[in-house]
Structures are given as structure tokens and as C-alpha cells.
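Below is one structure; the comments refer to it alone.
The values are calculated or read from the model by the stated rules, or taken from the named source; none is laboratory data. In this text, all values refer to a predicted model and were calculated from it rather than measured experimentally. Here the Cβ is made from the backbone with ideal geometry for all residues, glycine too, and neighbour counts use every protein chain on show.
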Amino acid sequence: MKVLKFGGTSVGSAQRIKDVASLITSRGKNIIVLSAMSGTTNTLVEISDYLYKKNTDGAKETINTLEAKYNKTINELYASDEYKEKAQKEVKACFNYMRSFTKDIFTMFEEKEILAQGELMSTAMMNLYLQENGISSVLLPALDFMRTDKNAEPDTQYIKQKLSALLDKDPDADIYITQGYICRNAYGEVDNLQRGGSDYTASLIGCAINAEEVEIWTDIDGMHNNDPRFVEGTEPVSELHFEEAAELAYFGAKILHPTCVLPAKLNNIPVRLLNTMQPDAPGTLIYNTPASCQIKAVAAKDNITAIKIKSGRMLLAYGFLRKVFEIFETYQTPIDMIATSEVGVSVTIDDVRNLTPILDDLKKFGTVTVDNDMVIICVVGDLEWQNRGFEAKALDALKDIPVRMISYGGSNYNISFLVRKEDKVTALNLLSDKLFKNK
Ligand code: ADP
Ligand code: ASP
Ligand code: MG
């Protein structure tokens, strides 16, 4: 059995839902993970925002507009009045549930309940559509098996047991449908796997059932060698190693959620990225590829802050870096890039919620300077250090751009450059020209 995940655009209209339905029915008995229809989760965030601000009129109006959109989709999707009514009933219950939050206090617990409604509606609608078309489709409620532990990590044993019990209950189903993104936390409350987290759901399910493959179906034909939102003429990469995919996802290639790769890598389950609008395109296969000795792709991660700590007195003494890192640990702030010299160390972070206390503490150890609005440009491939020329090529491409930091050698898979936000698009294009064109 495989796990097939379809993102928001893939189920974003009645026609898209119909297309996905025919695609999945032609592929046999698999578990299908669905996101909310595109735009829905953003609207649910907006509704929650109104509720936090106690603007119940704003919340109600936004709920009504979204509900009208769903009613229109339902009318277009189902052929019979019977199924139109069934779908109306399911969707109305979700909207009425959202409305119930306009009457009382609103906290992050209620927000998570609201955010869960998008995936609950898209899966209910797909399930009914398949049933209307004579397919024995069974809904596996993610809230009954997808759970995180006290450290907010997936409780893999629980997921495996509960999911297998649910599958055993309906062994004759043609297709199983479940919600991406949503889960319960260790206390049984409704929670989620962070924005874009449906990819993570697919990978976790793939591991729980030891799937033959996890397929991530989206609106583009695989992982491209550069960010198609900023560079023209990018091309899909046919194969990526798990490590290369993890670097690209972490450093900004939006097609794949960063958390998705690890479970698949640990369980050696191939992940294939495919295009719903072009189902025959080969896409990208992510697995334990043999060494390729090639630069594969470039990605960019925005909103990076660089912090430099200069201290001639401390750096030579052992223990200096530990003290610096402990400060970031205290404030639970991950570091992305590091560069050291004899008199200083520079690090980058993207979570600036605790920047002020971090800087206060760092100032005990040296002179601290901060550069905001930076971007990490990450060049990814099989860059084993004994191969020659990769660094030179990447550096040469960026020779006319001011580079604040460089990080290389942390893994065999990545060279990272820190540049200013305003140089990002130029840097991505220069790298595309030098690394991938006229090869
Ligand atoms: P879904 O809603 O299906 O999860 P996403 O919007 O999360 O889809 O991811 C697909 C988008 O990722 C593409 O439309 C594309 O604009 C963007 N993207 C960014 N970097 C890359 C890349 N290197 N290769 C392919 N797509 C990328
Ligand atoms: N619907 C959620 C989001 O928009 C999860 C996902 O699509 O992966 O973030
Ligand atoms: Mg996504």
C-alpha cells in the first residue's frame, strides 16, 4: 500500500476534487491524505484572529463568506440531491461549530479547533464524492490516531497501533481517506503539525504502515533546481538523496515541509513528488540515491537574523562556544548557520521571539552586532569534500554580491551563503545561470 497526499491546490475546487478522485481510484487501494481546500487554512487563521481581537462581527462575516464558497463547491461537485444534502450537513456542522466560538472566551485551544475544520471538510467532501460514484471509500479520522507526545513529537507507537486497528475494521475498503495536518496532543486536545504539515502526516502514516512509497501530489512537477517563484526556466530534479531533500526543504523549498523527510529517511521509504495537473510527469524521487557528485538545486530561506559575538579574550579559551550556545538553548532558539574565527563567532537564527534577552546575555561575553533582514541561500547536492570545484563554482556565481557568512562542511550536502534580503533574487538567478544553464 502507498500513501498519496494531495495539497490544497490539488483539491481547491469542485473540478480539482473530481480530477483527484479519478486519479486516486485508478491507482488502487491506498491511504489518501488531504489538505484543506486552498485558501481555507489562511481564512481560518483570519477568523481566529478576529476572535482573538473580540471582533465577532468580523469573524461571523468571514465564516459566512467561506461557507458560501463551500456551498457553491458542493453544488458543483455532486450529481444527486441526496449527496448534496449529505455534504451540506457535514459542512454546515463544521461552520456552526466555528460559530459557537464567537460566544465565549477564545484561546489557542479554540483556535486549534477552528484550524482543524479545513481538513475535516475537504476529506468529508472527497469521501462522499467517491461514495456517490460507487467507490467503497472509508474515512480514517486523523483525530483518532494521529497523536503527539509531551515533547510535541509524533507518538509513533500510538499512531501505528491505532491506525492499524482502524484499517483492520474496514479491510474491504477500496480507498482510505484521512486528514493531513491535524492531530491530538498528549492531553487529547485538538492540535496540528504546523502550517504545511500535511506532508508530515503523509510521511508518518507511510512509516506507520511501512508503505511501499509516499507520494506528495502538488501543483508542480517535482522539486525544481531553483525556486520557481523567483527564477525563470527552473527544471525538475529527477532524483534526490533524503539528505539533499531535507536540506532543500529546511532551507526554503516550499514544495516539501521540512519535517516530512526524517521519518521517511529513518524507515527508508521513498518519497515521490508529483504534479496533480500533469500526472504522467516523472516528478522527483527521494531515496537513498547512490553518489552523484552533482550540484542539484538551490533554495532560499527568508527572515534570517545574523548575530556576531566578538571577543578576543574568550575565544581561544575552551568553553566559549558552549557558553554562547547555552544562551540559545536557554531561550529555545535554534541556530541555522555558524561561522567562527579566532576573535569571533557569527550565528544565524530565524526565530527572533527571544532576541532581546539573547542579546542581553551574549553581551556578557563580547561585543555583539546584529544584521536583520538577511537570507540564507543554500546550494545543495552531493558535495563530498574530496570532489573539487563545487565551492569555487558557487562562490564565482556570487562574486558581485556582498556575502555576510559562508558555511560549508557541516554536511556533504550543502554550502550556505548569507546575503541581504535585497540581493536574494539576483543571487538565486546568478546561481541558476552558473550552475545549471549551459552545463
Ligand atoms: P501544497 O499546497 O500542494 O502543499 P505548496 O504550495 O506547499 O503545495 O508547495 C508547492 C509550491 O512550492 C510550488 O507551487 C512552488 O511555487 C513552490 N516551490 C518553492 N520552491 C520550489 C522548488 N524548489 N521546487 C518546486 N516547487 C517549489
Ligand atoms: N492546510 C494546512 C495549511 O494550509 C496544512 C497543509 O496544507 O499542509 O497549512
Ligand atoms: Mg505544502
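Restricting to segment 212-242, name every residue that is hydrophobic (A, V, I, L, M, F, W, C), over 17 Å from Ala281 (Cβ atoms) and surrounded by fewer than 23 Cβ atoms within 10 Å (Cβ to Cβ).
Residues satisfying the conditions are Phe230, Val231, Phe242.
Do any helices (runs of 4 or more DSSP H) entirely within segment 352-439 hold 2 or more residues that are closer than 21 Å to Ser341 by Cα, and if so, which?
Details: elements: 355-362, 390-397, 424-435.
Filter on segment 352-439 gives 355-362, 390-397.
Sort through Arg16, Arg99 and tell me the only one that's in a helix (DSSP H, G or I), modelled with pLDDT of 95 or more and within 16 Å of ligand 1 (Cβ to nearest atom).
Arg16
Among the listed residues Asp199, Asp227, Asp191, identify the single one that is in contact (Cβ under 8 Å) with a residue 12 or more places away in the chain, of a type in the set (Asp, Glu) and in a helix (DSSP H, G or I).
Only one candidate qualifies: Asp199.
Specify which of the listed residues (Asp280, Asp336, Asp351) is acidic (Asp, Glu), surrounded by fewer than 18 Cβ atoms within 10 Å (Cβ to Cβ) and out of contact with any Pro (no Cβ under 8 Å at 6 or more places or on another chain).
Of the residues listed, the single one that is acidic (Asp, Glu), surrounded by fewer than 18 Cβ atoms within 10 Å (Cβ to Cβ) and out of contact with any Pro (no Cβ under 8 Å at 6 or more places or on another chain) is Asp280.
Please determine whether any residue of segment 306-323 is outside any helix (DSSP H, G or I), of a type in the set (A, V, I, L, M) and touching a residue at least 60 places away in the same chain (Cβ under 8 Å).
So far as segment 306-323 goes, yes, one or more of its residues are outside any helix (DSSP H, G or I), of a type in the set (A, V, I, L, M) and touching a residue at least 60 places away in the same chain (Cβ under 8 Å).
Yes or no, residue by residue, for (1) surrounded by fewer than 19 Cβ atoms within 10 Å (Cβ to Cβ); (2) at pLDDT below 95; (3) in a helix (DSSP H, G or I); (4) within 14 Å of ligand 2 (Cβ to nearest atom):
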site	(1), (2), (3), (4)
Ala93	yes, no, yes, no
Ile114	no, no, yes, yes
Gly118	no, no, yes, yes
Leu128	no, no, yes, no
Ile135	yes, no, no, no
Asp172	yes, no, no, no
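State the number of residues belonging to segment 254-272 that are among the small types (Gly, Ala, Ser) and at pLDDT below 95.
0
Pick out the one residue from Leu273, Leu248, Leu256 that is buried (at least 24 other Cβ atoms within 10 Å of the Cβ), in a loop (DSSP other than H, G, I, E, B) and within 16 Å of ligand 3 (Cβ to nearest atom).
Leu256 is the lone residue from the list that is buried (at least 24 other Cβ atoms within 10 Å of the Cβ), in a loop (DSSP other than H, G, I, E, B) and within 16 Å of ligand 3 (Cβ to nearest atom).
Looking at segment 68-82, can you tell me whether even one residue there is within 16 Å of ligand 1 (Cβ to nearest atom), in a helix (DSSP H, G or I), basic (Lys, Arg) and closer than 26 Å to Asp219 by Cβ? Walk me through it before giving the result.
Pass one, segment 68-82, residues within 16 Å of ligand 1 (Cβ to nearest atom): none.
No, the conditions are met nowhere in segment 68-82.
Out of Glu46, Glu111, Glu119, which single residue is under 18 Å from Asp191 (Cα atoms) and within 16 Å of ligand 3 (Cβ to nearest atom)?
Details: Glu46 fails: within 16 Å of ligand 3 (Cβ to nearest atom); Glu111 fails: within 16 Å of ligand 3 (Cβ to nearest atom).
None of the others qualify; the one that does is Glu119.
If you check every pair at least six apart or on different chains, which have Cβ atoms under 9 Å apart with a residue in segment 250-264 that is farther than 15 Å from Asn225 by Cα first and a residue that is aromatic (Phe, Trp, Tyr) and more than 13 Å from ligand 1 (Cβ to nearest atom) second?
Val261/Phe242; Leu262/Phe242; Ala264/Phe242; Ala264/Tyr287
The conditions are (1) within 16 Å of ligand 2 (Cβ to nearest atom); (2) touching a Phe, Trp or Tyr at 6+ places or on another chain (Cβ under 9 Å); (3) of a type in the set (Val, Ile, Thr); (4) not in a strand (DSSP E or B), and Ile24 fails exactly one of them. Which is it?
Just one mismatch for Ile24, condition (1).
Exactly one condition in (1) among the hydrophobic types (A, V, I, L, M, F, W, C); (2) crowded, with 21+ Cβ neighbours inside 10 Å; (3) touching a Lys or Arg at 6+ places or on another chain (Cβ under 6 Å) is false for Leu285; which is it?
Answer for Leu285: the failing condition is (2).
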